[in-house]
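Single-structure report; data block below.
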Amino acid sequence: MVAPKPVLTPHGYFRRWIEGSDFSLEANTPAVPSDDLFYVLVAGKVRLGTNSFVAASAEYEELCLGYWEERLTDLDLPTRLLAARGLFHRNHEHRGAGELLARHGNERDRSTVAKARHRASFLQRRGQ
């Protein structure tokens, strides 16, 4: 028998955001209209209010991906590296992010990419 997934409800202050972005995932903060839902805010306005943490997280993750994709081609290398880290963290198969981290990232970035590529190669050999 499979145990049902727990229903997450907003208890206490919760806020997830990317420094410098204009969007966030929040519950029970002064910025949200009520304490009984999870909210995705964009530029201070409610984009989504739901009792489903899964739905709110999915909406937030979509905004994160767009945010990082836009910055992956920035002229500033540190900005591109931050974007690549954000994208690669969410998708180890993101070609542009992986290549940028392997070429211009620090030792930790290169190690993370190498491990992810090694694992992908291993899984591919196993037929998964």
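The values are calculated or read from the model by the stated rules, or taken from the named source; none is laboratory data. Here the structure is a predicted model, which is why all the values come from computation and not from measurement. So basically every Cβ, Gly included, is an ideal-geometry build from the backbone, and we count neighbours across all protein chains shown.
Points to keep in mind about this one:
- Test: residue in region 90-106 that is within 16 Å of the chain's Cα centre (by Cα), surrounded by 14 or more Cβ atoms within 10 Å (Cβ to Cβ), closer than 25 Å to residue 22 by Cα and among the small types (Gly, Ala, Ser): yes
- Region 48-60: number of residues that are of a type outside the set (Ser, Thr, Tyr) and in contact with a helix residue (DSSP H, G or I) (Cβ under 7 Å, 6 or more places away or on another chain): 1
- Among the strands (runs of 3 or more DSSP E) confined to region 1-100, the ones with at least 2 residues that are among the β-branched types (Val, Ile, Thr) are located at 38-42, 45-50.
- One residue from 67, 60 being modelled with pLDDT of 95 or more and surrounded by 19 or more Cβ atoms within 10 Å (Cβ to Cβ): 60
Okay, residues lined up against (1) out of contact with any strand residue (DSSP E or B) (no Cβ under 6 Å at 6 or more places or on another chain); (2) loosely packed, with under 12 Cβ neighbours inside 10 Å; (3) modelled with pLDDT of 95 or more:
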residue	(1), (2), (3)
3	yes, yes, no
7	yes, yes, no
14	no, no, no
20	yes, yes, no
25	no, no, yes
42	no, no, yes
53	no, no, no
